[in-house]
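Before we start, here is the structure in question, set down as structure tokens.
The values are calculated or read from the model by the stated rules, or taken from the named source; none is laboratory data. Just so it is clear, the model here is predicted, and its values are computed rather than measured. So basically every Cβ, Gly included, is an ideal-geometry build from the backbone, and we count neighbours across all protein chains shown.
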Amino acid sequence: MSAVLEVDGLSTGYGELTAVREVSLHLEAGEVVALFGPNGAGKTSLLLATVGALPRWAGSVAWEDAPAPRPLHRLVRAGLGFVPDQRSIVSSLSTRDNLLLGSGGIDGALAYFPELADHLHRPAGLLSGGQQQILTLARALAARPRALLIDELSLGLAPQVVERLLGALRRAADEEGLAVLLVEQQIRRALAIADRFYLLNHGVIVTAGEAHEDGGTALEEAYLESMGISPDGG
Ligand SMILES: Nc1ncnc2c1ncn2[C@@H]1O[C@H](COP(=O)(O)OP(=O)(O)O)[C@@H](O)[C@H]1O
Ligand SMILES: [Mg+2]
């Protein structure tokens with residue numbers, strides 16, 4: 001199978017600070033890949049450099065076996081979706097108008113999240129935090145991207161909303177062949193729907209593997225170790 005997105009030896013940072021050091025990863029059609037790592041590990045910087053929103057100091061990014069188009073809007077047109085960690089809905093606009101800001105329209109969004117139909121005419125700023133993230137993901141999925149990069153969609157949300165969001169991603173991967181790269185703090189919930197994972201710390205990938213081979217425990221131990229904490233509390 002050939003990768004939708006392939007990152008090879010990517011480095012980036014800010015001034016003197018190297019945030020991502022020679023990271024390589026790949027993403028294939030129909031798979032959900034989780035990207036884990038403690039705060040400051042470089043997850044956001046890696047996504048930003050991958051999509052071309054941060055300068056690449058070294059390495060390359062391929063989109064469907066060719067150099068990834070730049071700038072970002074050309075990559076988006078080629079089929080990449082990106083949900084940044086900054087919430088990107090417009091509070092003063094209705095849910096409906098927020099959906100119309102995307103390229104997928106309203107029906108495509110409602111196909112994933114029919115519950116938004118009840119809120120189409122409300123200002124998005126009056127939706128709950130969970131509903132706002134559902135709106136954000138609905139808009140991204142409605143555009144029918146080939147690959148979707150998502151940065152901490154579920155931060156601070158109720159468990160049932162997190163399940164709803166993650167479940168929609170799994171379904172899009174299974175039914176549409178969407179490739180998902182998901183930054184997520186809730187390791188177990190993410191592993192429950194992911195095919196593979198990468199663990200990043202200090203800008204490098206310290207562990208990678210298959211999600212189903214790992215009930216969470218080994219990864220959590222690696223996670224704690226990567227932060228310099230012994231898993232057994234010692
Ligand atoms: N705009 C910025 N300017 C300077 N340093 C930054 C900036 N954004 C992030 N960093 C630094 O880059 C490193 C990686 O950050 P980030 O990619 O946000 O990690 P994560 O998303 O895993 O929490 C951290 O040391 C962070 O302090
Ligand atoms: Mg981040």
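Run down Ala194, Ala147, Ala179, Ala158 and say which single residue is of a type in the set (A, V, I, L, M, F, W, C), surrounded by fewer than 20 Cβ atoms within 10 Å (Cβ to Cβ) and more than 16 Å from ligand 1 (Cβ to nearest atom).
Selected residue: Ala158, the only one of Ala194, Ala147, Ala179, Ala158 that is of a type in the set (A, V, I, L, M, F, W, C), surrounded by fewer than 20 Cβ atoms within 10 Å (Cβ to Cβ) and more than 16 Å from ligand 1 (Cβ to nearest atom).
If I filter the range 17-26 for residues that are over 29 Å from Ala192 (Cα atoms), without any contact (Cβ under 8 Å) to a residue 60 or more places away in the chain, over 15 Å from the mean Cα position of the chain (by Cα) and within 12 Å of ligand 1 (Cβ to nearest atom), do I get at least one hit?
Yes, there is a match, as at least one residue in the range 17-26 is over 29 Å from Ala192 (Cα atoms), without any contact (Cβ under 8 Å) to a residue 60 or more places away in the chain, over 15 Å from the mean Cα position of the chain (by Cα) and within 12 Å of ligand 1 (Cβ to nearest atom).
Based on this model, can you work out whether Asp85 counts as surrounded by fewer than 17 Cβ atoms within 10 Å (Cβ to Cβ), over 18 Å from Leu17 (Cβ atoms) and within 13 Å of ligand 2 (Cβ to nearest atom)?
Answer is yes for this residue.
Residues in the range 41-54: is at least one among the polar types (S, T, N, Q), more than 26 Å from Ala173 (Cβ to Cβ) and near ligand 1 (Cβ under 9 Å from one of its atoms)?
From the range 41-54, those among the polar types (S, T, N, Q) are 44-45, 50; that's our starting set.
Filter once more, so that each one left must be more than 26 Å from Ala173 (Cβ to Cβ): none.
No: the range 41-54 contains no residue that is among the polar types (S, T, N, Q), more than 26 Å from Ala173 (Cβ to Cβ) and near ligand 1 (Cβ under 9 Å from one of its atoms).
Filter the range 203-215 down to the residues that are under 19 Å from the mean Cα position of the chain (by Cα) and part of a loop (DSSP other than H, G, I, E, B), then identify the one that is modelled with the lowest pLDDT.
Ala211
Surrounded by fewer than 21 Cβ atoms within 10 Å (Cβ to Cβ), away from ligand 2 (no atom under 16 Å from the Cβ) and of a type outside the set (Asp, Glu): does that describe Gly9?
For Gly9, the condition - surrounded by fewer than 21 Cβ atoms within 10 Å (Cβ to Cβ), away from ligand 2 (no atom under 16 Å from the Cβ) and of a type outside the set (Asp, Glu) - is met.
Just give me the residues in the range 177-193 being touching a Gly at 6+ places or on another chain (Cβ under 6 Å) and among the charged types (D, E, K, R), in sequence order.
Arg188, the sole residue that qualifies.
Could you list, in sequence order, the residues of the range 136-164 that are under 16 Å from Ile89 (Cα atoms) and within 13 Å of the chain's Cα centre (by Cα)?
Thr136, Leu137, Ala140, Leu141, Ile150, Asp151, Glu152, Leu153, Ser154, Leu155
Mind checking which pairs have a first residue in the range 194-208 that is in contact (Cβ under 8 Å) with a residue 40 or more places away in the chain and a second that is among the basic types (Lys, Arg) and within 16 Å of ligand 2 (Cβ to nearest atom), Cβ under 7 Å, 6 or more apart or different chains?
Leu200/Lys43
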